[in-house]
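For reference, the structure discussed in these notes is given below.
The values are calculated or read from the model by the stated rules, or taken from the named source; none is laboratory data. Just so it is clear, the structure is predicted and the values come from calculations on it, not from any experiment. Note that we place each Cβ from the backbone using ideal geometry, even for glycine, and neighbour counts take in every protein chain shown. Accessible surface is based on the protein model in full, side chains and every heavy atom, while ligands, DNA and RNA are left aside. Shrake-Rupley method; radii C 1.70, N 1.55, O 1.52, S 1.80 Å.
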Amino acid sequence: MKSKVVPLRWEGSRWEGHLQMLDQRRLPHSEEWLELGDVEDVARAIEDMVIRGAPAIGIAAAYGFAIGMRNYSHDPMIGVESQAANLVERLMNTRPTAVNLRWALDRCRRLTKGFSGDLRELVEVLFDEAETIFAEDRENNRRLANKGAELFGCHCRVLTHCNTGGLATGGFGTALGVVRALAHQGKLEKLWIDETRPYLQGARLNTWECLEDGIDATLITDNMAAHFMAQGKVDAVVVGTDRVAANGDVANKIGTYGLAVLCKYHDIPFYVASPVSTIDLETPSGEEIPIEERSAGEVLRAGECLIAPEGFDAAHPAFDVTPAHLVTAIITENGVVEAPYGEGLAEVVEG
Ligand code: MRU
């Protein structure tokens, strides 16, 4: 089971080098790698959607933290813990919904607590941590994908929403990872890709990943899902998530909740693929999950093309919350959790 797709890579030595990020805004038409050499570059790349997808954002933030501490070590004007607090604040204020950002930055910041040794050693430790978070995510995705694939029979026809593949993670993917595993095992008959209005992650990114890795798929607009379900052409929906609350409510790309409601009506299983790093036991339910509001311009346009009068009012919540009772199961690298979610989620987080 291989995938060539990764969202970022390190180039050069830790002390002179920089983070390279595949500019996802340019896909699928061109593959451009940006070079990022300070924390501000990384924070802007997350804000501007150069990189997106909950686990990938967490990995980028960990590298941003290490780069920020490296650059500071050349001219340390304030204490290490104050610098760490500044880096966390900048990186946390990029996108609010994906909890992986906080999860990764907590791991990095913990390493700076009470630090009083050689700053160069700390920088090495922080780069080690960023690499570990990156590698762990890839490995966990593969475990998750194998566990998820066990839930499916032969000849399955799966629908997915938003990009959850190698681009959105350390590689391989969560929901798209399950699809990759199914394809590898010869169990996938059909993949339906929702275009994912308004940012078009499905149309632009899933299509590109499927072409890269040779997965046969069909693109549909979001409003076609009900039609194909009614025709009996969808056996299951698998999506990723930006945050799973302690009670099993799931925040994911806008449109996910509608799919879950459709699944309930058509009696189709609705699966959520979530690495443990996306489970937030500190947030009791979906009501407390912050939902990012993005610009109206992204709704008024389809890609570059203006499709409504310039300046017309438009709403753009980037995520919605699917209540736990609509979720058939949450697939993690540590096991598959079914309702009631509270206890099961705590167990998989515990490992
Ligand atoms: O706005 P995005 O593109 O960052 O949203 C991404 C999603 O909603 C994904 O489905 C989610 O992060 C899971 S990625 C493995």
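Quick notes
- Qualifying positions in region 65-97 - within 16 Å of the ligand (Cβ to nearest atom) and open to solvent by less than 10 Å² (accessible area, probe 1.4 Å): LEU91, THR97
- Any hit, region 187-200, residues being near the ligand (Cβ under 10 Å from one of its atoms) and open to solvent by less than 10 Å² (accessible area, probe 1.4 Å): yes
- Condition met for MET49 (surrounded by fewer than 19 Cβ atoms within 10 Å (Cβ to Cβ) and within 16 Å of the ligand (Cβ to nearest atom)): yes
- Among (1) within 14 Å of the ligand (Cβ to nearest atom); (2) buried (at least 22 other Cβ atoms within 10 Å of the Cβ) - the single one ASP222 does not satisfy: (2)
- Residues located in region 311-351, provided they are of a type outside the set (Val, Ile, Thr), part of a helix (DSSP H, G or I) and either touching a helix residue (DSSP H, G or I) at 6+ places or on another chain (Cβ under 7 Å) or at positive phi (or both): ALA324, LEU326, TYR341
- Test: residue in region 266-281 that is at pLDDT 95 or above, in contact with a Pro (Cβ under 6 Å, 6 or more places away or on another chain) and farther than 22 Å from PRO340 by Cβ: no
- Unmet criterion (only one of (1) closer than 19 Å to ASP194 by Cβ; (2) open to solvent by less than 30 Å² (accessible area, probe 1.4 Å)) for TYR265: (2)
- Test: residue in region 152-166 that is part of a helix (DSSP H, G or I), open to solvent by 60 Å² or more (accessible area, probe 1.4 Å), of a type outside the set (A, V, I, L, M) and away from the ligand (no atom under 16 Å from the Cβ): no
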